[in-house]
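Undergrad: Handing you a structure now.
Bear in mind these aren't lab numbers, they're just calculated from the coordinates by the rules spelled out. Note that the coordinates shown come from a computational prediction; the quantities given were computed from them, not determined experimentally. Here the Cβ is made from the backbone with ideal geometry for all residues, glycine too, and neighbour counts use every protein chain on show.
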There are 4 protein chains.
Amino acid sequence: MTDHSPLNPDYKIDVARSFAKQGMMETLNAELTEVSAGTVTITAPIGPQTSQQDGFAHAGLLWTVGDSAAGYATLSLMGAEERVLTVEMKINLLSPAVGDTITAVGRVIRFGRNLCTSAAEIYTHGPNGKKHVATMIGTTTRLRPDG
Amino acid sequence: MTDHSPLNPDYKIDVARSFAKQGMMETLNAELTEVSAGTVTITAPIGPQTSQQDGFAHAGLLWTVGDSAAGYATLSLMGAEERVLTVEMKINLLSPAVGDTITAVGRVIRFGRNLCTSAAEIYTHGPNGKKHVATMIGTTTRLRPDG
Amino acid sequence: MTDHSPLNPDYKIDVARSFAKQGMMETLNAELTEVSAGTVTITAPIGPQTSQQDGFAHAGLLWTVGDSAAGYATLSLMGAEERVLTVEMKINLLSPAVGDTITAVGRVIRFGRNLCTSAAEIYTHGPNGKKHVATMIGTTTRLRPDG
Amino acid sequence: MTDHSPLNPDYKIDVARSFAKQGMMETLNAELTEVSAGTVTITAPIGPQTSQQDGFAHAGLLWTVGDSAAGYATLSLMGAEERVLTVEMKINLLSPAVGDTITAVGRVIRFGRNLCTSAAEIYTHGPNGKKHVATMIGTTTRLRPDG
């Protein structure tokens with residue numbers, strides 16, 4: 001985890017504003033549930049709309065929400081005029097995703113001048129409690145207005 | 001690309017039947033557009049419902065459709081009673097995904113007794129033609145009824 | 001981190017015995033410096049023999065030592081007759097590897113019946129202290145004598 | 001595969017010069033066997049010095065040689081003053097690496113202004129012919145003298 005301070009004092013507002021523009025998050029009924037400097041949590045329901053063929057949550061639900069969580073964790077540390085873009089992102093699935101909701105907790109591992117490394121842990125929540133179902137790590141890039 | 005023959009003579013029907021059970025594919029308005037032994041193509045529209053914050057297609061659209069294409073490419077070679085599960089999957093994004101539709105072309109690289117390696121190439125299609133926007137590779141596992 | 005107990009009471013001896021058979025570890029002058037259930041540390045010198053073109057440690061030194069650390073972390077939990085094999089492994093490089101030595105700390109994230117997920121963190125050590133230079137995650141498989 | 005022309009007319013000489021500085025390649029007895037614009041092949045012997053515990057080539061041999069092949073494929077397209085650095089690199093192992101030698105064939109998938117995507121295929125060669133044993137893909141970055 002980096003110990004960088006956020007460059008943008010309004011990062012909570014700006015992350016929320018950017019999140020609201022992601023049509024994909026609305027399609028998945030995902031909500032931004034926590035934003036702090038370098039860490040972002042997103043929650044989404046598990047249901048038939050996002051299932052795979054055996055009734056589990058499609059891995060794409062996990063990946064998509066985890067990618068946004070990891071990306072916004074990085075954006076939370078950036079300057080106000082910067083944008084974030086995923087370069088590459090990997091997921092290891094630990095267990096079938098069964099339950100009522102998932103949460104994706106994104107965090108920054110390296111906050112570089114141009115390239116950042118961030119990760120996300122995905123959990124399911126349901127009658128049987130909380131379970132760690134996937135882990136993600138990837139590279140994001142900082143895009144500046146002049147860049 | 002493997003040269004394995006499909007173990008299941010009805011693989012085209014069975015892949016289509018499994019695809020129809022993926023609620024996520026319906027949510028993304030994705031369609032199964034080609035199934036052959038070891039190769040599967042899925043198409044989906046790009047639109048506000050699946051956008052990220054800058055108006056491009058969310059990488060999660062690409063990953064999700066690519067994961068299904070890579071997984072069904074593997075399922076097309078499996079026995080009739082088997083199921084496929086993604087173990088891990090990686091994406092490298094080559095260009096922002098702009099256009100009208102995406103196609104994900106999945107193919108099998110290794111068809112093992114238990115573990116398989118498959119890949120997917122993601123293309124956008126629009127007024128400016130066809131563009132290669134992402135490449136994916138990952139591991140899937142064959143689940144047998146007794147296993 | 002899993003909370004599994006090791007299946008093999010002699011796991012420390014058996015991990016050390018297997019490590020001693022890796023010609024690659026000898027070539028890299030790597031040493032097994034700590035073995036506990038689910039966690040293994042390997043240390044190796046940085047020097048001209050393992051450099052890349054700019055004088056840093058070649059990423060291959062980090063990957064190779066990290067892969068062995070992650071693999072032996074998994075082997076430490078397995079039965080006495082089992083073997084471990086890497087299926088896939090990824091590295092994200094956080095900083096150029098400069099210093100006197102590297103340590104790779106491998107740990108098990110998921111210990112499954114057949115498939116396991118393990119990770120490794122790579123650190124450099126030198127006049128400027130300890131630095132986190134790379135993070136790895138991947139899939140390993142358990143091979144049983146009859147399998 | 002990109003269709004970019006090399007920016008540096010002396011790229012063959014410069015790739016060979018950089019390769020000669022990699023102490024790691026000498027330690028592995030690796031040789032640069034082919035350099036063309038966007039594609040580089042490296043060959044290395046399989047032997048007890050680079051084995052893992054079961055006598056196969058250590059995956060680290062494959063990864064290390066493949067990383068250099070993918071990196072030099074990218075360097076072959078860069079300007080004379082630029083350097084290449086691996087950001088992240090992934091390997092999927094397809095088969096145990098048995099034989100006399102390995103070859104790693106690196107190629108450029110995307111040659112970007114700052115970030116590139118490159119891949120490598122690893123083959124073994126021996127009494128039983130040529131076998132595809134691993135596939136790699138990753139991200140590299142272009143470092144300019146002023147950067």
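Undergrad: Spin-label point model (7 Å from Cα, Cβ direction): what's the A:LYS21 to B:ILE13 distance in nm?
TA: 5.0 nm
Undergrad: Relative to the compact-globule scaling 2.2 N^0.38 Å, provide the ratio for the alpha-carbon radius of gyration of the range B:1-78.
TA: For the range B:1-78, the normalised Cα radius of gyration is 1.19.
Undergrad: Take the residue pairs B:LYS131/D:LYS90; A:LYS12/A:LYS130; A:LYS131/B:LYS131; A:LYS90/A:LYS131; A:LYS21/C:LYS131; B:LYS90/D:LYS21 and return only those whose Cα atoms are more than 28 Å apart.
TA: Going by Cα-Cα distance, A:LYS131/B:LYS131; A:LYS21/C:LYS131; B:LYS90/D:LYS21 fall outside the 28 Å limit.
Undergrad: With θ set to phi - 60° and the Karplus curve 6.51 cos²θ - 1.76 cosθ + 1.60, what are the ³J(HN,Hα) couplings of the range C:52-58 in order, to the nearest whole Hz, using x for Gly and Pro?
TA: Listing the rounded values in order: 9, 5, 9, x, 6, 5, 4 Hz.
Undergrad: Using Cα atoms only, what is the angle between the long axis of helix D:59-75 and the major principal axis of chain D, expressed in degrees (0 to 90) to the nearest 10?
TA: Relative to chain D, helix D:59-75 is tipped by roughly 20 degrees.
Undergrad: Follow-up. Would you kindly calculate the mean projected area, averaged across all directions, of the convex hull enclosing the Cα atoms of chain B, in square nanometres?
TA: So the mean shadow area of the Cα hull is 8.4 nm².
Undergrad: A further question on this structure: Specify the angular offset, from 0 to 90 degrees and rounded to the nearest 10, of the alpha carbon long axis of helix B:11-20 from the longest principal axis of the alpha carbons in chain B.
TA: The answer is roughly 50 degrees.
Undergrad: Residues with amide H under 5 Å of D:THR33's amide H, sequence separation 5 or more or different chain, H placed in the peptide plane at 1.01 Å from N; which?
TA: D:THR41, D:ILE42, D:THR43
Undergrad: Using amide H atoms built 1.01 Å from N in the peptide plane, name the residues 5+ places from A:GLY126, or on other chains, whose amide H lies under 5 Å from its own.
TA: Hits under the 5 Å cutoff: A:ASP100.
Undergrad: Among the GluC sites (Glu not before Pro) in the range D:1-54, which ones are in a DSSP loop with at most 12 other Cβ atoms within 10 Å of the Cβ? Mind listing them?
TA: none
Undergrad: Separate question: Rounded to the nearest 500 deg cm²/dmol, what is the calculated helix-only ellipticity per residue at 222 nm for chain D, with -39500 (n - 2.57) per DSSP H run of length n ≥ 4?
TA: Helix-only estimate at 222 nm: -6500 deg cm²/dmol.
Undergrad: Kindly give the semi-axes, whole Å and largest first, of the ellipsoid equivalent to the protein assembly as shown, taking each as the square root of 5 times a Cα gyration tensor eigenvalue.
TA: Ellipsoid semi-axes (Å, largest first): 33, 29, 25.
Undergrad: For the range A:63-147, rounded, prolate or oblate, judged on the Cα gyration tensor with a ≥ b ≥ c (square roots of eigenvalues), a/c < 1.5 rounded, else prolate if a/b > b/c?
TA: prolate
Undergrad: Let me ask you something else. Give me a single rounded figure for A:18-26: the average over its residues of other chain Cβ atoms within 10 Å of their Cβ.
TA: Mean shielding by partner chains, rounded to a whole number: 6.
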